[in-house]
Amino acid sequence: MNDKLYLKSNVIAEPLWNQWYAWTFLIQPVTAAFLNEHHLRILESYVEAPDLHAMAAKKSALRGGAFLENTGEVAAVQALIEQTKIRLGKHRELVQAIKKLEILLQQEANGGSLDSFYDHIDPCLKGYIEIVYDLNHTPKIRFIEPLFYRSEFYDETLQSISLSESSVDGRAFVLSSPRFASDTALHIAMPFRNAAWDELFAMRWRGTTQAQLEQWLCRALGEVSPTQLALFSRFFTTRPPEAKKDREYHGDGVRVRYFGHATVLVQTRNVTVMTDPIVCYPLAGDDNRYTFDDLPEKIDYVVITHNHQDHVMFETLLQLRHKIGTIVVPRCSGGDLQDPSLRLTLNAIGFDRVVELAELQSLDIEDGNITGLPFLGEHGDLDIRSKLAYCVQLNDKRFLFAADSNNLDDHLYGKIRQVVGNIDHLFIGMECAGAPLSWVYGPLYTKPLAYKINQSRRLNGSNFERAFNIVKHFSAQGAYIYAMGAEPWLTFISSIFYEADSAPILESEQFVAACHSQGIDSRLLYGRDEMELL
């Protein structure tokens, strides 16, 4: 058979860690160990009351909560519990060792020497940490993060990818619902860093033969059953992908394309920069979206603003790895549990060209440069450094991608302007009624968060007033609201459903109106958008 076969454009590739949707905190070994405890609590709760979970999962107000949407899979969930307790026993010991040491330090480290505390470190934790004080004599553990990636706690056998076909946007919420193999979902256990994944995802465009397809699956699985081969073969078609003539930009200016959420593709004839990539799958009858078919042959630079699961999307990044030149990430604090290194995580899963930027540090690229700028807020007041806004300058046009920055101190942007000058076009999120602190960071705490603290320290971005003050500082010609998680293909990761009277929508409308009153181009971006700047 000589017919070329292509991976279908609607094939979903969900990366998994122990059958849970993989994101950065499930790659870094210590945060993964803590999240595993959270997963077990959800699984055990489901087995005890599956009907309660099924009922809660149907209520939009509870979407994003710790409720499984795997209706009727009690036996599979119970099996996952038992498997997890066996396969991740060492991770569970690690969590207990950290908690034990944290309690000891809180009770007995009072500003005096910490030398004697090293004798109380459990064996599984010895050699991986330093015990230190801050300048207020508050003790803490510094994790020597690179060592954990070279330890038994980094287990690539927990990594797999689930392949299935999509005909709708909706999926079970990823932070509370594990994934199980089925007659429509094929799970392939293979480390994310394996170059075989690049071969597979390149088949969307380059094609393959039936023989090569079968060889690929045999290399990935070892032994292949007729059922597995039949399912895998269904993911391919003889129909070549649509060749979008405008996916490359050949103009003299700068073209900007909005792909949804915080994903913006900025192109000159010589270079391409993409922010926080999330690329959706096609849906019949919906043309208001860009998909993989709209991407250029190469993406020279990907910039990641911060370490939240809707901004570091492995599902998209792994599928684009063969296209991506360099990934630019914020530099972390180094050693704090809540602030793992994005560079180490991405290196571990097969991205070799990762550049860290600190605040006000620049990277020269063809036709311009990328500068990291301070990013305040949206992280529950935790000391997290792996977050940056970016000033991207191309062909004398300056773009500020502020993501979920919260303008907590308006003086900051006056000082930034003194460094980078005016900004032509600003992109900023306005999720000003964000989730409570526990939504992302709760599993990392060694004791439960007090309700009042949890509700007070929300993951909020800027509201209208704060965002508009940024516009005024930079004399922007255009100001666009993005990163709202409103697109229907994002609910599986964002859990957001806006109403007309939702606070972020009302604040966005005020922002757009205020910009228009000053002669500034502005709109709430949704689905897809494009502009060309000459």
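The values are calculated or read from the model by the stated rules, or taken from the named source; none is laboratory data. Quantities reported herein were computed from a predicted structural model and do not represent experimental measurements. As a convention, Cβ positions derive from the backbone with ideal geometry for all residues, glycine included, and neighbour counts pool all protein chains shown.
Is it the case that Leu175 is crowded, with 16+ Cβ neighbours inside 10 Å and in contact (Cβ under 8 Å) with a residue 40 or more places away in the chain?
Details: crowded, with 16+ Cβ neighbours inside 10 Å: yes; in contact (Cβ under 8 Å) with a residue 40 or more places away in the chain: yes.
Yes; evaluated as a whole, the condition is true for this residue.
Among the residues of the range 82-99, just one is over 17 Å from Leu26 (Cα atoms) and in contact with a helix residue (DSSP H, G or I) (Cβ under 8 Å, 6 or more places away or on another chain), namely Ile98.
Residue by residue, here is whether (1) crowded, with 20+ Cβ neighbours inside 10 Å; (2) on the phi < 0 side of the Ramachandran plot; (3) part of a loop (DSSP other than H, G, I, E, B) holds:
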residue	(1), (2), (3)
Leu412	no, yes, no
Asn422	no, yes, yes
Met430	yes, yes, yes
Ala479	yes, yes, no
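For every residue, the table says whether it meets (1) at pLDDT 95 or above; (2) out of contact with any Lys or Arg (no Cβ under 6 Å at 6 or more places or on another chain); (3) closer than 26 Å to Leu337 by Cα.
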site	(1), (2), (3)
Ser362	yes, yes, no
Asp367	yes, yes, no
Gly380	yes, no, yes
Ser386	yes, yes, yes
Asn395	yes, yes, no
Leu400	yes, yes, no
Gly414	yes, yes, no
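Here's a check for you: in the range 225-245, which residue that is at pLDDT 95 or above and in a loop (DSSP other than H, G, I, E, B) is farthest from Leu7 (Cα to Cα)? Show your work before the answer.
Taking the range 225-245 first, the residues at pLDDT 95 or above are 225-238.
Cutting the leftovers down to in a loop (DSSP other than H, G, I, E, B) gives us 225, 235, 238.
Values: Ser225: 20, Phe235: 6, Thr238: 9 Å.
The qualifying residue farthest from Leu7 (Cα to Cα) is Ser225.
Within the range 363-408, the residues that satisfy the criterion of being more than 23 Å from the chain's Cα centre (by Cα) and not in a loop (DSSP other than H, G, I, E, B) are Asp364, Ile365, Gly368, Asn369, Gln393, Leu394, Lys397, Arg398. Regarding Gly65, is this residue among the small types (Gly, Ala, Ser) and out of contact with any strand residue (DSSP E or B) (no Cβ under 9 Å at 6 or more places or on another chain)? Taking the combined requirement at face value, the residue satisfies it.
Taking each residue of the range 73-98 that is assigned by the TED database to the domain that holds Ile42 and looking for partners that are surrounded by fewer than 14 Cβ atoms within 10 Å (Cβ to Cβ) and part of a helix (DSSP H, G or I) with beta-carbon atoms closer than 7 Å, six or more apart or interchain, yields Ile81/Glu44. Could you tell me whether Leu135 is on the phi < 0 side of the Ramachandran plot and either surrounded by 12 or more Cβ atoms within 10 Å (Cβ to Cβ) or among the charged types (D, E, K, R) (or both)? Considered against the rule, which asks whether it is on the phi < 0 side of the Ramachandran plot and either surrounded by 12 or more Cβ atoms within 10 Å (Cβ to Cβ) or among the charged types (D, E, K, R) (or both), Leu135 comes out as no.
Selection within the range 510-532: residues that are among the polar types (S, T, N, Q) and not in a loop (DSSP other than H, G, I, E, B). The member of this set that is nearest to Val279 (Cα to Cα) is Ser522. You will find that of Val271, Val256, Val264, the residue that is surrounded by 13 or more Cβ atoms within 10 Å (Cβ to Cβ), within 22 Å of the chain's Cα centre (by Cα) and over 30 Å from Trp17 (Cβ atoms) is Val256 and no other.
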